[in-house]
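Have a look at the structure below, then the notes.
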Amino acid sequence: MLIKDIITPGRTLCGIEGVSKKRALELLANTISADVPAIDADDLFRRLVARERLGSTGIGHGIAIPHCRVENAEGTLGALITLKDPIDFDAIDGESVDILFAMLVPERAQDEHLQTLAALAAALNDSAFRDALRSADSHDALFQVATGNH
């Protein structure tokens, strides 16, 4: 799995201000829905919130990977946002989160979901990569860094 295969410039937002955990999930859902009209923003938001209720998707180092299954996806989809100010996300290490990478997989996907999630977590575990994401100063720059085109 490569990040460039699951995000698009339209699903990459840099330096978002003034959000809470709930608002960040809503923003991810709206961003994905705007780029993939087959996915309903309200349904996606409900699915992301339901997944968070099972346990935080904050994986540490200021990173969260909200994820869920969706019916209308042809393949794995992602969206990336960075926040100007970190937010409390109940992460496993207690750190506030400023990088959120949403991942959606088709309802029928089984092992693909776990493999993609593991690959994404591994990529985001690289401190140089995280620093580069945090240093991006525009949506386009963030997309370029995330997809390895910087």
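FYI, it's all coordinate maths here, none of it is from the lab. Values in this document were obtained by computation on a predicted structure and should not be read as measured data. Positions of Cβ are generated from backbone atoms using ideal geometry, with glycine treated the same way; all protein chains shown enter the neighbour counts.
Numbers below:
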quantity: Pairwise centroid distance, computed over Cα atoms, of the stretch 1-60 with the stretch 76-150, Å; calculated: 10 Å
quantity: Structure-derived Kirkwood radius over Cα pairs in Å - corresponding label in (1) 21.9; (2) 17.5; (3) 15.0; calculated: (3)
quantity: Relative contact order (%) - criterion: Cα under 8 Å, at least six apart; region: the chain; calculated: 29 percent
quantity: Additional length obtainable on full extension of the chain from residue 17 to residue 74, 0.36 nm per residue less Cα span; calculated: 17.4 nm
quantity: Residue 50 versus residue 138: modelled label distance in nm, points set 7 Å from Cα along the beta carbon direction; calculated: 4.0 nm
quantity: Antiparallel bridge percentage (DSSP; both residues within the stretch 3-146; nearest 5); calculated: 50 percent
quantity: Residue order, fewest to most surrounding Cβ atoms within 10 angstrom, among 96, 127; calculated: 127, 96
quantity: Around residue 76: net Lys/Arg minus Asp/Glu count, Cβ-Cβ under 11 Å; calculated: -2
quantity: Gain on full stretching of the segment that runs from residue 95 to residue 112 - 0.36 nm per residue minus C-alpha separation; calculated: 3.3 nm
